[in-house]
Structures are given as structure tokens and as C-alpha cells.
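Below you'll find the structure, written out as C-alpha cells, and then a few comments.
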Amino acid sequence: MIKSSPFVLAFAITLLLIGRGVQAQRPGLIDGKEKLSGYPEITLLIEVKDPRKAAGVILKNGGKVDYDPNLGIGHEIPFLIVTLPGEKVVDERFLKSLELKSDVRMFQASASGSDNCGCNDQPANNTKDGLSFDTLFVPVEDIKLPELKERTNGKATGKGVKVAVIDSGVDASHPVFQNRVIFWDDSTQEGRIELKKVKVIEGQVTYNDKTLSVPQRLSENKAIYVGVFDETAMGIQFTDIFKTTDRAGLDFNRNDSIKDKFLVMIGADTKSSNDSTEEEPPVQEEEPVQEEETEESPEKNSEEQAQPEGTESEEVASEGKTIENVEETSETQASKDQASKDDEQTSEKKTKPTEESKPALIAFVDVDGNGQINGDEAETPILDFNIARQIQRSRKELKYADMVVFPSRTKTIAYPLLFTADSKNNVTHVTIGVAFNSHGTHVAGIIAGNGEEIVGAAPEAEIMALKACSGITCTESAIIRAMLKAFFNPQGYVPDVVNISLGSPEEYDKDRMDVLIQDLSAKFGTVFFVSASNSGSGYRSINHIGSVSPAVLVGAHASKETLARHYQLQDGVEVPDHVLQYFTSLGPSFTGQLRPNIVAPGSALSATSLIDDGSSMYNGTSMSSPIAAGATAALISAARGNKEYNRLEAWRSKKIKSVQDKSSDVKYSV
């Protein structure tokens, strides 16, 4: 029997609150009293005395080490990011064996809840006449971005700059992004289901005691992967006890019902292997999953890339990075050292077995919910979204759909489809990347929108959408996983800028997020922007995320022109040229540091999900942070071509490659 000491009880409750959400379609309630056996795995950052020793203990007890910042060289950086089985959070002997330096503090942030933070911004309630696209805008003029663009001959647009948006997801189908949402990840797993591998016999499969016809392009497979998106059973981040009648389930097709079910089939494209001369890359893992240590090969081989048997995991990763390096070199005119690095990678690829004989993994979805894949559905193969966008970035023709589209007479309802595969290229899960909460889409539009009316600070920047918030909340576990995915992903992408418009007021200690931000900033040279929070002035009113880190915390201000256009300031009312917004947090931090670092416009009209209105005006430091992040992306693109900048960028590229090479070789790393 497990002893219920106060330490274990507090630790268990804390992990329960910050844990990854209940996996989709998992029934049952957690009443807080039963042992957490079988409870969903929990991802968290722990500070330990000896990372190598703690990592060994975790692996032996069925856990996973998602990230070791030491990259296998020593153990001076005293933290790990780990995923633990639910029952281990109440195992006192196990917890003591980790030799934790401190306990795990409870945290939750919300992009739509009641927390007074920089993330619960709501549409402005402007009911007066005269509001239009002519008066509502992304106020880039307030920070002189048009002048910057003019001085740089139009180069300050963010072209070739990657900005990671850690938020509630981004509507990649919105026209203001023009296919510049290049990466999507759902760390909440609320749209994820498990797949079953079934045999194909004479063009049919048997699933849940039903005989189903297989689309022709999958019919020659010996086996395919089948599952059902059951709207009612789709999970959220917290346990089922937090589900209420108005929050449970996901209405994928937006028909005001959560009773629909959508069949999905995934397999190799046999038509592609027979008819095509140029094959697409195979599916890659959606998220890093670490298995038990083996002596024969490093953990990276089985966890970061999903590969067919008989190939090494580096091959697809190298291919993704090569595409990345070729594009950046052409845009930044990098040094000869960078060109030499590309040549080495190209030469290395030529010596390795190619994947041209491997057909693409494609999906077919029963979007009308009739339980069969037929008609147009059987003629619409869908590729994993991230692979599809990688192909588009390399300027190759995309022969598949890049999103799943549900029928609608009035709205565009399209979502990324994300495949998760194991080390043998078996597709274990599939995710529909929903962004029902428009917060993340609004933030991304401020950064990189480029439409007729909505033009962001960096209208040609590329967006990496990392979903850390479900419709109810944003857990620390999901935010941590999203941060890791931004830097360690199969495509080899590394963001130049990261925006986090999430958070809540500080506690009296250095936050775990600060530790991770500091580590990633140092390794990758990436700039983090974080909303300061909407708690007003006062001690510890500042956002706890990034408050004691290299991140730039951004408060909110408004110009006289913005006050007139967004808030209909009456004629004759005298106000200063620039004023702080009343809600912006002013600090100081718990350590006495003067935060925020800068202020930027705190209101904007920007994009919202197409399933909603498509655009809206929001207020909050969640809006000021992305304007600053977008402005930085614009500055980076303007600097490219400068000899000194290129020298620094070449040095950064070498450092990133060194980190990526080491992380792919060590045993305890993503």
C-alpha cells in the first residue's frame, strides 16, 4: 500500500492539475481519491540534483525523458523534462529516488477562462456606429513599421523568418496566411484518436464488427489503420470531472451537434507507388516519444522520426533540414561556411538509401459522417499537414489535399490532419488540429496576416502553430511540450522568434518556464516575446512566464490615433500622443526586476477562425506581444543581406547544427 504522506499528496494533486489532458475517447472519471493507476501520462519539468541518475531511474520505472538540456555532455544543467506514468506520481519511494531539488508548483493559464492574465482577451464591445475596416486595424503605424519598410526598400516584411505561436492553435485555412502556416502541433491532444491496424482482404476491412470498403488507393495494402472521430468522446486537457454539458465534445463539422462520428482510414498510397516517378517523404512522428534505453542505438532513432523498417531516423530529418538550409541560404546570402555545410549534407544524402521507393502515407475521412468512405471522400487523399507544407515550401507540386475539409454551405471548415507513427512507421494515432478558440489565430494574424484589410507586422513571415490550450485551459504540461516541439521537430525547423500570449501572475519563486526559456534561448539564439499580463500595476502583477528569463515581456499602450479609431475618442478630447492601457501589468517582478521590458499597441483587429466571424478586434497584452514579435521578424528580414548580420547568422546556424547533432546522438533527449 502506498503511504499518503503530505508530500506525496501535495505532489500528486499538483501533477493532477498540470497534467496532459485525458486522451481522446478515454472513459471514466477521476474522483481525486482513487489511486492514479492507468491515469494519463503527465509531462513536466523537474529540477534534480543529478540529471543522469534521475534519467536512469525514470526510464527503469516506465517513464520517458523528453529533454535533457545537457545533451549527454555532463550533468551541470539541473533539470529534465519527463513524462511519468500516472501511478508514479503517488509512489513515494520513486519520488524520493529522483532527488528533486524542489517540488512542482501548480500552474494553469487560460486563453478563454477567468484568470486575469495576458491571455483571456475578449473581443472589444464596440457598439457605436462608424466602426469598419477603415477604423479597425493592426496598428503597425504606431511603431513606425511602414517607415522601416520604406527605408529598407520593402525588405522589412518578415520573409523567410519563422515565428512560433504557442497558443490555442491557428486556423491554417484562413486566407490572410496564404499557406504560410508551415507547421502545426497539438500538445493538448484534444483532437487525437487511437488507430487500429486491420487487414485488407479483397478491398475490404472489418472494423468494429462492420465490413467497410477501402478506397482504391489503399486497396493494395496488406493492412491499413482505421479509427473513428467520435465528437462526443473527444477529450479535453482536464479529467472528465471537469467536463460539463456545454463543454464536452468537439463539434468538428460545426452543425451545433456533438453526436457525429467520422471514419478515417490511413495507409500507403499504392497508386503513387505504381504511377508516380517522384515520391513524397514518408510520415514522420507527430511528437517525440522516448522508449527504453537500448545499447545498440541512441534513443533518437526510435523517437524523433517515424521511419519504415530498415532505414535510419536521420534520413528524413536530414532531408527536412536540407530543404530548410537551401531556402535560408538563398534568402540570407549566407557565408561560404554555410554553403559548405549544405554541400556536406547533400553529399551525405547521396550516400544513404533514398525513400523514393516508399509510397506516401495518406488518409481518407468520412466527412459526411455516414460511416463509409465513398464518393468524393474516396477520391480525396489527405497528406499529413506538416509533410504537405514541407513539400510546398520546397516548391514541389502537392498531389494531395493538405487539410481535411468538412462540407458547409456558409463557412470554410478545414483542419490540419496530423499523423503520429511509431519507430516502425506504424500510424498509432491521428489528430484533427482544431482551433475553435480564435485567440491563437488572432495573435498569428497580428504577426503575419496579409489580406486586403488585415496586414500584420511581418506580412510575409512563416508561422509555426503550436497548440497548448484547449477550449477550457492551457496546462503547464502542454506549454512545455509545445516549447520543445518548436525546436525539436521532424522538419528540422527552428523559430527565429517565439510568441507566448499566455500566463498568470507570479508566485514567489523562479518559474519552471523561465528555466526552459533561458535554456532554449541560449542554445538556439531565438528571441521570446511574452505578454506582460492584464493585471494592472502592483508587485507580482507581471506574468510568471518569462519574468526572470531572457524573454522580452511586452506591456500595452495606445496612441492617440488608435484611441480615436479603436475606441471612438470624441473630437476635442485631449489625450497624450501615447498612453499606457489601463489593464497592462507594470510589475515589478517578485525579484524587483522592472518588467515589462517594452510596450506595444494593445488592441488590434485581426483574423479569427473562419468557423467564427473571420475577424474581430481584441484588447490585451496578448495583442501587444505579437506586434512586438512581428516587428522583430520584420527587422530580421530587413537585416538579411547585411554582411555583419550574415556572419552572425552563419555562426548561429553552426551552433544550432551542433545542438541538433548532439541531441540526436544522446540517449536522453528528444
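The values are calculated or read from the model by the stated rules, or taken from the named source; none is laboratory data. Not measured: the values here are computed from a predicted model. For neighbour counting, all protein chains shown are included, and Cβ atoms are generated from backbone atoms with ideal geometry for every residue, glycine included. SASA here: full protein model, heavy atoms, side chains in, ligands and nucleic acids out. Shrake-Rupley method; radii C 1.70, N 1.55, O 1.52, S 1.80 Å.
Observations
- Note on the stretch 210-264: residues that are of a type in the set (A, V, I, L, M, F, W, C) and modelled with pLDDT of 90 or more total 12.
- Residue in the stretch 160-168 that is modelled with pLDDT of 50 or more, open to solvent by 40 Å² or more (accessible area, probe 1.4 Å) and within 18 Å of ILE627 (Cβ to Cβ) present: no
- Cβ-Cβ contacts under 9 Å between residues 6 or more apart (or on different chains), taken from a first residue in the stretch 433-449 that is under 14 Å from ILE413 (Cα atoms) to a second residue that is open to solvent by less than 10 Å² (accessible area, probe 1.4 Å) and part of a helix (DSSP H, G or I), are listed as GLY433/PHE385; ALA435/THR441.
- Neighbours by Cβ (under 7 Å, 6+ apart or cross-chain): first from the stretch 395-415, free of Cβ contacts under 8 Å to residues at least 24 places away in the same chain; second open to solvent by 50 Å² or more (accessible area, probe 1.4 Å) and β-branched (Val, Ile, Thr): ALA401/THR380
- Tally of residues being modelled with pLDDT under 95 and either open to solvent by 10 Å² or more (accessible area, probe 1.4 Å) or more than 17 Å from the chain's Cα centre (by Cα) (or both) across the stretch 175-188: 4
- Pick from the stretch 28-71, criterion modelled with pLDDT under 85 and under 26 Å from the mean Cα position of the chain (by Cα), ranking: most open to solvent (accessible area, probe 1.4 Å): GLU41
- Hits in the stretch 170-221 (condition: among the charged types (D, E, K, R) and in a strand (DSSP E or B)): ASP185, ASP186, ARG192, GLU194, LYS196, LYS197, LYS199, LYS210
- Of all residues assigned to the stretch 363-370, at least one qualifies as being open to solvent by 10 Å² or more (accessible area, probe 1.4 Å), under 24 Å from LYS271 (Cβ atoms), touching a helix residue (DSSP H, G or I) at 6+ places or on another chain (Cβ under 9 Å) and of a type in the set (A, V, I, L, M).
- Screening the candidates SER531, SER501 for the property of being in contact with a His (Cβ under 8 Å, 6 or more places away or on another chain) and within 27 Å of THR157 (Cβ to Cβ) yields one hit, SER501.
- Pairs are defined by a Cβ separation below 6 Å, a sequence spacing of at least 6 or placement on different chains, a first member in the stretch 487-498 that is in a loop (DSSP other than H, G, I, E, B), and a second member that is of a type in the set (S, T, N, Q); the pairs so defined are PRO490/GLN284; PRO490/GLN305; GLN491/GLN390; PRO495/THR526.
- The residues listed here are ILE432, ILE446, ILE454, ILE463; of these, the one that is within 16 Å of VAL530 (Cβ to Cβ) and of a type outside the set (S, T, N, Q) is ILE446.
- Selection status of LEU586, in contact (Cβ under 8 Å) with a residue 24 or more places away in the chain and farther than 30 Å from TRP651 by Cα: yes
- Matching option when the condition is out of contact with any Gly (no Cβ under 8 Å at 6 or more places or on another chain) and under 18 Å from SER531 (Cβ atoms), among MET617, MET623: MET617
- When the stretch 39-69 is limited to residues that are in a loop (DSSP other than H, G, I, E, B) and touching a helix residue (DSSP H, G or I) at 6+ places or on another chain (Cβ under 9 Å), the one that is nearest to GLN518 (Cα to Cα) turns out to be PRO69.
- Some residue of the stretch 549-557 being modelled with pLDDT of 85 or more, crowded, with 17+ Cβ neighbours inside 10 Å, of a type outside the set (Ser, Thr, Tyr) and part of a loop (DSSP other than H, G, I, E, B): yes
- Boolean, ILE446 is of a type in the set (A, V, I, L, M), within 20 Å of GLN189 (Cα to Cα) and in contact with a Pro (Cβ under 8 Å, 6 or more places away or on another chain): no
- Of the numbered criteria (1) open to solvent by less than 10 Å² (accessible area, probe 1.4 Å); (2) among the aliphatic types (A, V, I, L, M); (3) in a helix (DSSP H, G or I), the one VAL82 fails is (3).
- Search result, residues across the stretch 464-481 that are within 19 Å of GLN660 (Cα to Cα) and at pLDDT below 95: ILE480, ARG481
- Qualifying residue in the stretch 396-413 (condition: assigned to a loop (DSSP other than H, G, I, E, B), under 30 Å from ILE636 (Cα atoms) and in contact with a Pro (Cβ under 7 Å, 6 or more places away or on another chain)): no
- THR562 fulfils the conditions (1) touching a residue at least 12 places away in the same chain (Cβ under 8 Å); (2) in a helix (DSSP H, G or I); (3) of a type outside the set (Lys, Arg); (4) open to solvent by 10 Å² or more (accessible area, probe 1.4 Å) except for a single criterion, (4).
- Among the residues making up the stretch 191-203, those that are free of Cβ contacts under 8 Å to residues at least 60 places away in the same chain, at negative phi and open to solvent by 80 Å² or more (accessible area, probe 1.4 Å) are LYS196, LYS199, ILE201.
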